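Here the structure is laid out as structure tokens; the discussion comes afterwards.
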Amino acid sequence: MLFNSWTFVVFLVITFGLYHFIPWPHNKRLWCQIGLLTMASYVFYAWHTPWLIVILAGSTWINAFVTLKLVSPTTGPGRRKPWLLTAICTNLGLLAFFKYTSLIVRSFLPQYWWAHWGFDISRIPLPVGISFFTFQGISLVVDVYRAGPSGMPGIEPPHSRRESGELFLRMAFFKAFFPQLVAGPIVKAHEFMYQIKAKSLQDVDWDDVVKKLILGFFLKMVVADNLREVTAGLSYPAFLGLPWINLLFLLYGFSFQIFADFAGYSLIAMGLARLFGYKLPINFDFPYISQSITEFWRRWHISLSTWLKQYLYFPLGGNRKGPLRTYINLMLVMLLGGLWHGAAWSYMVWGGAHGLFLVTERLFASWSERHSRFHLPQFLSRPMAVLRTLVTFHVASFLWLLFQLPKFNEAVAYVRELAAWHPGFQPQPIFAIALFSLPVVIYHLAGFAKPRWGSSWKESSPRVYLTTSNVGYALLLFLIITNSGNAGAFIYFQF
């Protein structure tokens with residue numbers, strides 16, 4: 001079920017009404033509410049493909065069962081780690097089977113080995129959202145394991161079958177909560193479980209909800225969906241022979257499209273969660289004003305980068321075991337992070353390229369510390385900041401080619417066409433890309449200005465600030481109604 005569909009609007013109105021306006025018994029309000037949201041989430045997930053709920057339910061049962069074992073008083077200290085490893089291996093095994101079997105089969109096994117089985121094992125369907133809820137499951141068992149036998153807020157040791165059942169329902173709700181189920185943000189157990197309480201309509205921050213939903217739907221429906229129609233030209237062989245300026249604008253357009261699409265989804269998810277009294281973590285923080293790839297990963301898909309840091313980079317040793325081990329850990333994390341995005345070697349290359357830039361920047365920072373006597377003149381600091389921002393944006397954008405053109409020969413063909421420097425230009429696609437990219441540029445300029453002038457403006461002229469803000473969101477709502485593109489699935493659904 002797509003957020004940008006009328007079916008979802010009906011689903012949301014019914015779920016919201018039942019959640020907030022049915023007079024649930026006071027002592028059972030929490031369990032009725034999270035039970036309702038869990039069932040609604042399964043309906044949301046299974047709307048187009050009902051068999052998917054089997055995988056979600058199986059993943060939930062595995063992680064909940066192990067979590068109950070980890071907090072059970074009868075589980076001795078020596079048995080906790082085997083339970084944890086069992087859950088992690090099962091989660092990763094489930095993800096690997098559905099997501100990477102086809103890649104392994106296509107890459108390493110001759111077709112005649114498996115063609116006689118009667119089905120194409122290289123085409124195992126990828127369940128929507130499995131990458132996201134698998135990482136949530138790992139977060140659940142790891143957080144509980146790290147907290148110790150006493151558990152953590154929201155996951156305390158049960159003392160009866162009833163309490164065990166209630167804890168199981170909490171975990172099922174955590175895994176299935178529909179706003180973030182299929183494309184994040186990736187919610188970690190320690191960020192969410194303590195929020196599970198009985199909610200009322202007074203818990204809804206309507207100002208925050210409305211702003212997040214309007215901005216999210218604007219980025220998706222007006223910016224991303226319109227850019228998607230134009231950047232369809234960034235496909236092989238459609239881009240062959242195009243003027244170099246058109247090729248460059250197609251790349252810019254796709255870079256802005258993928259941001260608007262995914263950031264829009266994340267904002268919608270955050271706004272929807274607030275409707276039910278829950279807060280999801282921020283996922284984007286103006287990534288295209290980053291001055292390095294290191295900073296880019298602090299601002300882009302924050303829930304994934306922090307997950308990789310907390311559950312992979314730190315357990316590998318982080319930067320605590322010397323420079324060489326740090327660089328190896330960075331490369332390994334980014335290679336696996338790239339592969340998380342899709343079952344193709346191009347995604348691993350994409351992650352590896354980001355890893356190389358992270359390592360290079362860390363090496364340069366280390367060199368700069370040892371040669372601290374070399375400083376740029378003050379008057380060059382701002383131009384250098386702009387230059388670093390432009391370089392980072394272009395590096396990130398060129399690497400997005402591997403998302404739009406996952407076959408290496410197609411990506412190489414694009415680079416060759418760009419290097420061929422075909423003269424001339426086609427004005428209509430350039431104008432369309434510039435027009436629908438402009439909101440993303442303005443959005444990032446606002447993000448750049450906010451720390452410097454936003455607070456002072458808000459404090460010095462609160463009425464003008466409020467009026468300007470309300471007019472701006474009203475304009476975005478008007479554009480959603482009048483200028484939305486053809487509705488399409490969110491890009492990150494495929495991951």
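When we screen 408, 364 for residues that are surrounded by 12 or more Cβ atoms within 10 Å (Cβ to Cβ) and out of contact with any strand residue (DSSP E or B) (no Cβ under 7 Å at 6 or more places or on another chain), the only hit is 408. Of all residue pairs spaced 6 or more apart or on separate chains, those with beta-carbon atoms under 7 Å, a first member in the range 1-26 that is of a type in the set (S, T, N, Q) and a second member that is open to solvent by less than 60 Å² (accessible area, probe 1.4 Å) and in a helix (DSSP H, G or I) are 4/217; 4/220; 4/221; 15/40. Restricting 122, 131 to residues that are modelled with pLDDT of 85 or more and either polar (S, T, N, Q) or touching a Gly at 6+ places or on another chain (Cβ under 7 Å) (or both) narrows the list to 131. Taking the range 19-56 as the range and being over 30 Å from residue 96 (Cβ atoms), open to solvent by 70 Å² or more (accessible area, probe 1.4 Å) and either in a helix (DSSP H, G or I) or charged (D, E, K, R) (or both) as the test, the residues that pass are 21, 26, 27, 28.
Every listed requirement among (1) modelled with pLDDT of 90 or more; (2) touching a Phe, Trp or Tyr at 6+ places or on another chain (Cβ under 9 Å) is met by residue 171 save one, (2).
Among the residues of the range 181-212, those identified as of a type in the set (D, E, K, R) and open to solvent by 10 Å² or more (accessible area, probe 1.4 Å) are 191, 197, 199, 203, 205, 207, 208, 211, 212. Of a type in the set (A, V, I, L, M, F, W, C), closer than 24 Å to residue 157 by Cβ and open to solvent by 60 Å² or more (accessible area, probe 1.4 Å), is that true of residue 6? No; evaluated as a whole, the condition is false for this residue.
Tell me, please, whether a residue that is modelled with pLDDT under 95 and touching a His at 6+ places or on another chain (Cβ under 6 Å) can be found in the range 240-263. Checked against the condition, which is being modelled with pLDDT under 95 and touching a His at 6+ places or on another chain (Cβ under 6 Å), the range 240-263 yields at least one hit. Pairs are defined by a Cβ separation below 6 Å, a sequence spacing of at least 6 or placement on different chains, a first member in the range 439-461 that is at negative phi and open to solvent by 100 Å² or more (accessible area, probe 1.4 Å), and a second member that is part of a helix (DSSP H, G or I) and at pLDDT 65 or above; the pairs so defined are 457/465; 458/465.
When the residues of the range 220-252 are filtered to those that are within 20 Å of the chain's Cα centre (by Cα) and not aliphatic (A, V, I, L, M), the one that is farthest from residue 414 (Cα to Cα) is 220. Take the conditions modelled with pLDDT of 90 or more and either more than 30 Å from residue 30 (Cβ to Cβ) or of a type in the set (Gly, Ala, Ser) (or both) and apply them to residue 277. Does it pass? So residue 277 fits the description; yes.
Reported count of residues in the range 314-333, each being assigned to a helix (DSSP H, G or I) and open to solvent by less than 20 Å² (accessible area, probe 1.4 Å), is 3. Taking the range 469-481 on its own, how many of its residues are over 30 Å from residue 128 (Cβ atoms) and open to solvent by less than 70 Å² (accessible area, probe 1.4 Å)? Qualifying residue count, the range 469-481: 4. All conditions in (1) open to solvent by less than 60 Å² (accessible area, probe 1.4 Å); (2) at pLDDT 85 or above hold for residue 387, with the sole exception of (1). Restricting attention to the range 4-44, and to residues there that are in contact with a Phe, Trp or Tyr (Cβ under 7 Å, 6 or more places away or on another chain) and aromatic (Phe, Trp, Tyr), which single residue is nearest to residue 199 (Cα to Cα)? Out of the qualifying residues, it is 19. Looking at the range 220-237, which of its residues are of a type outside the set (D, E, K, R) and under 23 Å from residue 402 (Cβ atoms)? Listed by number, the residues that qualify are 223, 224, 227, 230, 231, 232, 233, 234, 235, 236, 237. When the range 27-48 is filtered for residues that are hydrophobic (A, V, I, L, M, F, W, C), over 21 Å from residue 274 (Cβ atoms) and in contact (Cβ under 8 Å) with a residue 60 or more places away in the chain, only 31 remains.
The values are calculated or read from the model by the stated rules, or taken from the named source; none is laboratory data. If you're wondering where the values come from, they're calculated on a predicted model, not measured in any experiment. Note: ideal-geometry Cβ built from the backbone for every residue, glycine included; neighbour counts use all protein chains shown. To get the accessible areas, we keep the full protein, side chains included, count just its heavy atoms, and leave off ligands, DNA and RNA. Shrake-Rupley method; radii C 1.70, N 1.55, O 1.52, S 1.80 Å.
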